[in-house]
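The numbers here are math on the coordinates, done by the rules we state, and not lab data. Bear in mind that the values here come from a model prediction, so they are computed numbers and not experimental data. FYI the Cβ positions are ideal-geometry reconstructions off the backbone, even for glycines, and counts take in every protein chain you see.
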Amino acid sequence: STHDHLFKLLIIGDSGVGKSSILLRFCDDEFNEKQASTIGVDFKTKFLQVRGKKLKLALWDTAGQERFRTLTSSYYRGAQGIILCYDCTQRSSFEHVKFWQDEVRKYSTNQDAILMLVSNKVDLADQQVTRTEGEEFAFANSMMFIETSAKTRHKKNIRFMLARRTLVSA
Ligand code: GDP
Ligand code: MG
């Protein structure tokens, strides 16, 4: 077989928080200041080696439907990893994390899905959400937590979750 694990991973959160940028950083190690909004569901496949295991990743990005909060159950179905993203310079995007969490509860068919809360854009100075707030929310809701910047930091964020998942399912 070409891989030891197949892993469906999706990313959710308010429009503009940097979801597509995080995936672009992860997949191609690039950053685009004028990241165009996605048309249609964007889907990428990537092979990756984590702790000696070959992972095949199916990465699902939203197509701007999140602006209208109309992601459907097919988007969530069977996901093993869910990245819940906010922009630490937009307080409202942190407050809406609860909405996205409710969507996961409603639609995700996989009870064992790993959730990771991601505070993005930590390269910017005007932060409206502290690291502690993010950490506390994640801890209270059994999520992993990481701060990142799609602009200045590298692939650590998703690798971190995958490493954990691989250990869980090994
Ligand atoms: P999405 O709507 O959640 O997919 O967000 P995008 O990936 O389209 O990003 C929205 C805007 O934020 C774009 O102009 C990106 O270039 C910018 N952006 C994304 N991530 C970062 C980051 O970590 N730091 C900074 N400074 N800008 C970012
Ligand atoms: Mg996008």
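Couple of notes before you dig in:
- The alpha-carbon of residue 46 sits under 12 angstrom from the alpha-carbons of these aspartates and glutamates, leaving out residues fewer than 8 places away in its chain: 28.
- Options 97, 17, 116, ranked by Cα towards positive dipole end of the range 1-123, top entry (Cβ charges): 116
- Around the amide H of residue 145, modelled in the peptide plane, lie the amide H atoms of 117, all under 5 Å away and 5 or more residues distant in sequence or on another chain.
- Fraction of beta bridges assigned by DSSP in the chain that are antiparallel (%, nearest 5): 30 percent
- Compared with the dominant Cα axis of the chain, that is its longest principal axis, helix 131-140 is turned about 50°.
- In plain terms, if you count all Cα to Cα distances in the chain and split them into 5 Å steps from zero, the share in each step is 2, 8, 19, 23, 23, 16, 8, 2, 0, 0 percent.
- Between helix 97-107 and the chain there is an angle of about 40 degrees, using the helix long axis and the longest principal axis of the Cα atoms.
- Kirkwood-type hydrodynamic radius, the range 61-118: 11.9 Å, calculated from all non-identical alpha-carbon pairs.
- The magnitude of the dipole of the chain, with charges of +1 and -1 set on the Cβ of Lys/Arg and Asp/Glu and taken from the Cα centre, is near 660 debye.
- Total formal charge among the other residues, if their Cβ is under 10 angstrom from that of residue 152, Lys/Arg +1 and Asp/Glu -1: +3
- The chain, helix-only ellipticity at 222 nm - DSSP H runs n ≥ 4, -39,500 (n - 2.57), divided by all residues, nearest 500: -9000 deg cm²/dmol
- On Cα atoms only, tilt of 156-169 relative to the major axis of the chain in degrees: 40 degrees
- Distance between modelled label sites at residue 102 and residue 28, nm, 7 Å Cα→Cβ extension: 3.6 nm
- Evaluating kT/(6 pi eta Rh) at 10 °C and 1.306 mPa s, with the Kirkwood radius of the range 1-94 over Cα pairs in the Stokes-Einstein relation, gives 112 µm² s⁻¹.
- Mean Cβ neighbour count within 10 Å, used as a protection proxy, ranking 114-120, 126-132, 94-100 highest first: 114-120, 94-100, 126-132
- Tensor-based shape of the range 83-155 (alpha-carbon gyration tensor, a/c under 1.5 rounded, otherwise prolate or oblate): prolate
- For the range 45-59, putting each phi into the Karplus relation 6.51 cos²θ - 1.76 cosθ + 1.60 with θ = phi - 60° gives couplings of 10, 9, 9, 8, 9, 10, 6, x, 9, 8, 10, 9, 9, 10, 9 Hz, in residue order, rounded to whole numbers and with x for Gly and Pro.
- Extension gain from residue 3 to residue 70, taking 0.36 nm per residue of separation minus the Cα-Cα distance: 20.8 nm
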